[in-house]
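The values are calculated or read from the model by the stated rules, or taken from the named source; none is laboratory data. In this text, all values refer to a predicted model and were calculated from it rather than measured experimentally. Backbone-built Cβ (ideal geometry, glycine too); neighbour counts: all protein chains shown. We work out accessible area using only protein heavy atoms, side chains counted, and drop any ligands, DNA or RNA first. Shrake-Rupley method; radii C 1.70, N 1.55, O 1.52, S 1.80 Å.
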Amino acid sequence: MTQALEPATAAPKSASAQRQGLGSRIASSPMAAISLGVLAFIVLAVILAPLLTRFDPSVSDIGQALLGPSPEHWLGTDSAGRDVFSRIVYGGRITLGGAALALIVAMAIGVTTGLFAGYFGGALDSSVDWVSNLLIALPNIMILLAVRAAWGSNVWLSMTVFGVLMAPGFHRLVRAIVSGVRNELYVDAARVSGLSLTRILGRHVLVAIRAPIIIYAALAGVVVIGVQSGLDFLGLGDVTVPSWGTMLNEALVNLYIAPGLMLWPGIALGVVNAALIIFGNSLRDALEDRPRVRRRSTSSAKQSAKKNDAVTPAAPEPAAFAGGQSPVPGFDEVPDGSVLAVRGLRVGYPSADGIKDVVNGVSLGVRRGEILGLVGESGSGKTQTAWAILGLLPSGGRVTGGTIEIAGQSLPGLSKGAMRSMLGKKVAYIPQEPMSNLDPSFKIGFQLVEPLRKQLGLSAKDAKAKALAMLDRVGIADPQRTFDSYPHQISGGMAQRVLIAGAVACDPDVLIADEPTTALDVTVQAEVLDLLRELQKEKDMAVVMVTHNFGVVADLCDRVAVMKLGQIVEQNTVEVLFANPQHPYTRMLLEAGLEDKTPRTRLLRPVDEPLQEAAL
Amino acid sequence: MISYIFRRIGSGIALVAAASFIVFALMLANSEHVARNILGDQASVEQLAAKQAELGLNDPMILQYLHWLLGAVQGDLGQSWFNAESVSYLLATRVPVTLSIAVGTVIISTVISVVVGIVAALYRGWLDKLLQVVSVAGLVFPGFWLALVLVVKVSIDWGLVPATGYTPFGESLSGWLLSLTLPVFSLAIGAVAGLSQQVRSATIAVLEMDYVRTLRSRGLSEASVLFRHVLRNAAPPTLTVMSLNFIALMSGAVMIERVFALPGLGSIAVDATGVGDIPIVVGAVVISVVIVVIVNLLIDLINGWLNPKVRLS
Amino acid sequence: MKAPKRAYRVLALAATAAIFLSGCGGANDKPAANPSEDAVLTLASGVEPQSLDPAMSREAQFVQYFQPVFDTLIRRDSNGDLQPMLATKWDIAKDGKALTLTLREGVKFTDGGDVTAEAVKGNLDRFKAAGGPLAGALGAVESVDVLDPATVKLNLSTPDPALPYALGGPSGYIQSPANFDAATVDTQPVGSGPYELDRSATTPGSQYTFVKNEDYWDKDLVKFAKIVIKPIKDENARFNAVRSGQADGMIATAKTVKAAESAGVTVKMVPGDWQGLTLLDRAGKLSPELGKVEVRQAINYAIDKDAILKNVAQGFGKTTSQVFGPSSSAFVESLDGAYSYDVDKAKALLKEAGLANGFTLKMPTSSDMDPALAPAIKDQLAKVGITVDWVDIPSAQYQPEQQSGTYAAAFTAFGQPVVAWSAVNSMVTENAPWNVFHSSTPETKTLIADVLASDEDAAGAKLAELNKYLVDNAWFAPWYRIDQPYFISKNVTVTVQNGQPVPSIYNFAPAK
């Protein structure tokens, strides 16, 4: 009862979770299935109380008071000589039945109003919202006390009232989801194709709200049970009817004679609450689609990486290509004097069947003053390669094989602190989507100054001066104004320039640019590319330009590597590769890239491999 | 900003009015026993009738409510029917007790939850699972049951802390803290359980944000990333849950006050609703709603301030 | 946001440190008692008065709040006998219709005024007119005359044997007339008693502080420098207060006695309430079955009093079939065992009444009743064929419901006053508050009139006769009279007060 509920959770994150039936979702999570089973068992037991118990829960035999457990009274007797086990089982009817009633009322009201308010919005929404705020602000316990004073101790009545008080929780949850779903394209599509309102609400919307409601109801159930048993505990329940709360009240009255009376009602409450919470939590986790695999600790991964290193410079075997086409010779060339040298890099993620590699033995190298383009479609592993080099793989991912060296320093085995001092100073990162890569809560200037002070040890004044200078260098018109702005106040192009400034501020040797222009307007793209070229020349950096756009490659890069399904299939200088692409995949990409330029009339070469999605 | 605050205050006042009316109506629905409770079992029937008339209980409900409302808007919540003191005075002595418990629980549970939630979010794996199990355990038993167990074990059997009564802050700081220890502890267990999971998921969500990777790529220390950037961005949903917790605590404190015999808002409300001391009941509801409105407003303002988009508009 | 969060952490750390540091001081902060002038008496009370105006005061537990500030006209000593206080002597007229009090000279109120006959008259008139809970105690008083500055005469419309005793309680508290119309009459009492209320150390709901009245006229009655009363409704909380030394005295129930003994808390016992059923509807208006005396007698036979006494009252008490206590003149020893536990007899009586198939009896119950009682009674009456339909009532409406006339019978726990007439006036006379259906028979009318017409000695015999009549006609179905426990700490000694569930404050003394 003291536990508030969390605010409405958003719709399930992955589309696949929605597609998969709710039932199979529950079945796939053992905790959810077990807890649901426990709940079902308890409910069944409570309903079938007369079959399970030998005694009437209200019949007392004062001479048999406060006996311990015996074959006749499995849990002993209470202070009136009544059978505790019977009272627990029958008591569940009041406690659980009352809670269920409150939840049903709350859902009936809250889901309905949430559906309509979320779908139609407008005046309906705001007026219901006002009522909902009122109900939330009402002190629940006091209202229930007043209800009891007014209309007696009937548990069904007070639980109905409580259900009304809890409705706003469901209302908010459903409304948030529905108003989100309403704007989804597929709902518009359904409307356009003439589906009726009820069909739309029924099919699409109900599917979206189904699981969150169940989860919220499970957790709300805990609150309701707490309040219901709490009121009985205070002596406000109907004393002629057994319930877990009134049993606890009796325990309180007899605290010094029979404190053990607290035990069984407490356990009953505990078991039911635990089942509800575990069910809610595991259903929520199941919907978030997290594969469960026993993970080795990161240190053992480092160990094996070190071992590989010590034995031989990793010479990867070319793994079997999913498409069957072997890579073009030279695909794994690492030029001499490469300041960034990657050999046989493998990156893997845990999946249901163990670790699955998304980067399957990649070798590349970049020299100072050189720009290497890393090209491939979505899912080819190019971004994963980039992140692996930086040591910034998302949670779950790790380097499963191969080596990475920057200026001779091997990276995978480094301590966190050592890696951190390399980041920014030796190798830097320009991300793809400018707006989501700036911390919205801090000013631009702060986000530039912070790393400068850490990595270069500058004073606040010097760091600010340098930051302003960098902003100016990347072509921002009013550096001071941008310095003082928050990310939401600047445009996408400016944000990308800021990110570039941040990346090159400490003069890194290697720069990893992950599709830096993809998210920008076409007019801005060219400017940013020019900027990158200038900076690269100025600072003599080795640049890896990850992109899916051959136009960018042609514009900017000296060499290019083509990735497919986690492997490099072809690597060469730009002139050679463009003039004479050897791998069929390379050719296909190049032709596809010409789409905007000239109308295609026919394929230059036949394509015989089916496209496949990379599994991530 | 100012207009926003005024609008919220306006709707808060409307809330108070609606809530007080609802409770007033409910209490008046069954008020025949009030006079008997005031005068006791030896009073004659004539005395009862006189008392009933004196309290205005024979007037129409609307009239009684308006009479109360008129006084309330002038700041006078009336006189308790069962006590010689004014409602404001009686409730004023009770509010600090309940607030001490609620605020104390929020503070303790927030500190613990932030630590636990961040640890769980960072070190996924067995520690995370363990903390989840412990969280579930904390939510599983009702606060008043935990309180009962604590009273029996810690106070009665071990004699560590006084189980009952409340020592006002003004009287003795150490006494005040001691009298709050068990109540806050029983409530905090449940509060930490939920809040730590909230901190955990908010932190996980922020840790997956793109800008966290970019910040790390600049070479910032993990401490900076965590305590400056992640916490700052994980704060708003956490604050919202904290405010919900606080409101639930104000309600849930009723059972706790009963177990520990604390003279708080909850226990006087329970007693007053029972005997029919309508001025106290309505006064308690008013104060409750006012506190809820203020806390909600404060949290919304803080959240707004935290969000630069809102702060600058 | 980190700044506020850090502040929270610091505060929490400080708080935790403070807890641990102060914990060294221990939970027991009370200084060791010494029989010196610094002794403080802390009482944990199960009730809190609505007002400190004596016109609104009540008996039983409430007396502890009023005795410090107000003297009574007559004082009840610990045996329940009457002693002089503000009145040095009192006389009842031959016809019983007047009571003359001679007042003590030289007593002053703490506001400087004198306790005179005028002041006393003012108080008595006010008590009657104010319509407080016990206004009925002066119900027989028609008028009050001031004969001289030290003599007061109460003129009664009918003899009232309970009046002198009553003047040892609420109707006898004398407050300063200057305070009658004060705005603070409910919160700042002014009397002539051994202590004064310290308003600055008093918080309603939390504690009431009374400090020694240095000018009090009877030094022997003032044994403490200060009396503090803490209203703690919950018995477990009271018990913890006494155990941990935060309180020196508390009223308790049977269920806590064992725990008290093991905790080293001293347990005192005083004869307390009688508990059982009051069969209100003797004329059968609501429940025709109850109108038959055989049925009422059957109910008396059907209850296993010993079992209830053992399991609910933990054996602390004595089974009985009469509603008067041993201290009162109405008590007849043999009536204790008038109705034994005899299920067959009960069934036979019911058959005699034509109710061989039993009947249904509706009675109110609430969470105030011990949880074991209702089921036990239901079970036992069911054995003779009577089905009890217990109706759950919210606890604060319970007692009003019992008196509302909606139920033919109810579970009651009534005091057993030292003066039997009080009980008669409360339960038996036609307009008694607890004679809800105004039951009366020619016999009761005659006996009551006889009691009023007799002098003190003869009245006793008449009351005993009335008692027998009530038992024979089963107006009630008592089960037992309890021993009322009162716990005290090691810091004080106390003599229990006969006829009162809690000792008067005069009975406490610091432990040597």
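Okay, here's what the table says:
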{"item": "Single match in B:Asn37, B:Asn30 (criterion: at the interface with another protein chain (Cβ under 7 Å from one of its Cβ atoms) and either over 25 Å from C:Pro49 (Cβ atoms) or modelled with pLDDT of 90 or more (or both))", "result": "B:Asn30"}
{"item": "Some residue of the range A:96-110 being in contact (Cβ under 8 Å) with a residue 60 or more places away in the chain and either part of a loop (DSSP other than H, G, I, E, B) or within 14 Å of chain C (Cβ to nearest Cβ) (or both)", "result": "no"}
{"item": "Qualifying residue in the range A:450-472 (condition: under 28 Å from the mean Cα position of the chain (by Cα), surrounded by fewer than 19 Cβ atoms within 10 Å (Cβ to Cβ) and hydrophobic (A, V, I, L, M, F, W, C))", "result": "no"}
{"item": "Failed criterion for C:Ala313 (all others in (1) within 30 Å of A:Asp232 (Cβ to Cβ); (2) crowded, with 20+ Cβ neighbours inside 10 Å; (3) more than 26 Å from the chain's Cα centre (by Cα) hold)", "result": "(3)"}
{"item": "Condition check for C:Ser287: under 30 Å from C:Glu352 (Cα atoms) and among the hydroxyl-bearing types (Ser, Thr, Tyr)", "result": "yes"}
{"item": "Residue under evaluation C:Val424, criteria (1) buried (at least 23 other Cβ atoms within 10 Å of the Cβ); (2) touching a strand residue (DSSP E or B) at 6+ places or on another chain (Cβ under 7 Å), criterion not met", "result": "(2)"}
{"item": "Criterion (of a type in the set (A, V, I, L, M), under 22 Å from B:Asp41 (Cβ atoms) and without any contact (Cβ under 8 Å) to a residue 24 or more places away in the chain) met by exactly one of C:Ala140, C:Ala130", "result": "C:Ala140"}
{"item": "Condition met for A:Thr400 (surrounded by fewer than 23 Cβ atoms within 10 Å (Cβ to Cβ) and part of a strand (DSSP E or B))", "result": "yes"}
{"item": "All positions within the range A:147-160 that are part of a helix (DSSP H, G or I) and out of contact with any Phe, Trp or Tyr (no Cβ under 9 Å at 6 or more places or on another chain)", "result": "A:Arg148, A:Ala149, A:Ala150, A:Trp151, A:Val155, A:Trp156, A:Met159, A:Thr160"}
{"item": "The range C:56-79: number of residues that are farther than 19 Å from C:Phe210 by Cα, among the basic types (Lys, Arg) and open to solvent by 40 Å² or more (accessible area, probe 1.4 Å)", "result": "1"}
{"item": "Selection count, the range C:210-241, where residues are away from chain B (no Cβ under 14 Å), surrounded by 21 or more Cβ atoms within 10 Å (Cβ to Cβ) and either among the hydroxyl-bearing types (Ser, Thr, Tyr) or in a strand (DSSP E or B) (or both)", "result": "2"}
{"item": "Test: residue in the range B:225-232 that is open to solvent by less than 10 Å² (accessible area, probe 1.4 Å), on the phi < 0 side of the Ramachandran plot, of a type in the set (A, V, I, L, M) and facing another protein chain (nearest Cβ under 9 Å)", "result": "no"}
{"item": "Matching option when the condition is without any contact (Cβ under 8 Å) to a residue 60 or more places away in the chain, more than 12 Å from every other protein chain (Cβ to nearest Cβ) and either open to solvent by 20 Å² or more (accessible area, probe 1.4 Å) or within 30 Å of A:Asp238 (Cα to Cα) (or both), among C:Val332, C:Val343, C:Val384, C:Val388", "result": "C:Val343"}
{"item": "Tally, over the range C:477-499, of residues that are under 24 Å from C:Thr319 (Cβ atoms) and open to solvent by 10 Å² or more (accessible area, probe 1.4 Å)", "result": "7"}
{"item": "Residue count for the range A:228-241, restricted to those that are open to solvent by less than 10 Å² (accessible area, probe 1.4 Å), assigned to a helix (DSSP H, G or I) and touching a residue at least 40 places away in the same chain (Cβ under 8 Å)", "result": "3"}
{"item": "Residue check for B:Ser109: among the polar types (S, T, N, Q), within 20 Å of B:His229 (Cβ to Cβ) and open to solvent by less than 10 Å² (accessible area, probe 1.4 Å)", "result": "no"}
{"item": "Candidates C:Asp95, C:Asp38, C:Asp71 - the one that is within 22 Å of C:Leu147 (Cα to Cα) and modelled with pLDDT under 95", "result": "C:Asp95"}
{"item": "Qualifying residues in the range B:270-279 (those that are farther than 11 Å from B:Val23 by Cα and of a type in the set (Val, Ile, Thr)) - the one nearest to the other protein chains (Cβ to nearest Cβ)", "result": "B:Val275"}
{"item": "The range B:40-73, subset of a type in the set (Val, Ile, Thr) and either away from every other protein chain (no Cβ under 11 Å) or not in a helix (DSSP H, G or I) (or both), residue most open to solvent (accessible area, probe 1.4 Å)", "result": "B:Val73"}
{"item": "Pick from the range C:242-254, criterion over 12 Å from C:Ser45 (Cα atoms) and within 11 Å of chain B (Cβ to nearest Cβ), ranking: surrounded by the fewest Cβ atoms within 10 Å (Cβ to Cβ)", "result": "C:Gly245"}
{"item": "Tally, over the range A:48-95, of residues that are facing chain C (nearest Cβ under 10 Å), of a type in the set (A, V, I, L, M, F, W, C) and part of a loop (DSSP other than H, G, I, E, B)", "result": "4"}
{"item": "Flag if B:Ala193 is away from chain C (no Cβ under 13 Å), outside any loop (DSSP other than H, G, I, E, B) and open to solvent by 10 Å² or more (accessible area, probe 1.4 Å)", "result": "no"}
{"item": "C:Ala453 of a type outside the set (Asp, Glu) and surrounded by fewer than 21 Cβ atoms within 10 Å (Cβ to Cβ)", "result": "yes"}
{"item": "Entirely in the range A:423-523, the helices (runs of 4 or more DSSP H) that have 1 or more residues that are within 11 Å of another protein chain (Cβ to nearest Cβ)", "result": "A:444-456, A:492-504"}
{"item": "Selected residue (only one of C:Val323, C:Val257 is open to solvent by less than 30 Å² (accessible area, probe 1.4 Å), farther than 23 Å from C:Gly358 by Cβ, assigned by TED's automatic domain parsing to the domain that holds C:Gln402 and under 25 Å from the mean Cα position of the chain (by Cα))", "result": "C:Val323"}
{"item": "Checking C:Ala396 against (1) buried (at least 21 other Cβ atoms within 10 Å of the Cβ); (2) under 26 Å from C:Thr320 (Cβ atoms); (3) not basic (Lys, Arg), the condition it does not meet", "result": "(2)"}
{"item": "Search result, residues across the range C:408-455 that are in a helix (DSSP H, G or I), more than 12 Å from chain B (Cβ to nearest Cβ) and among the polar types (S, T, N, Q)", "result": "C:Thr444, C:Thr446"}
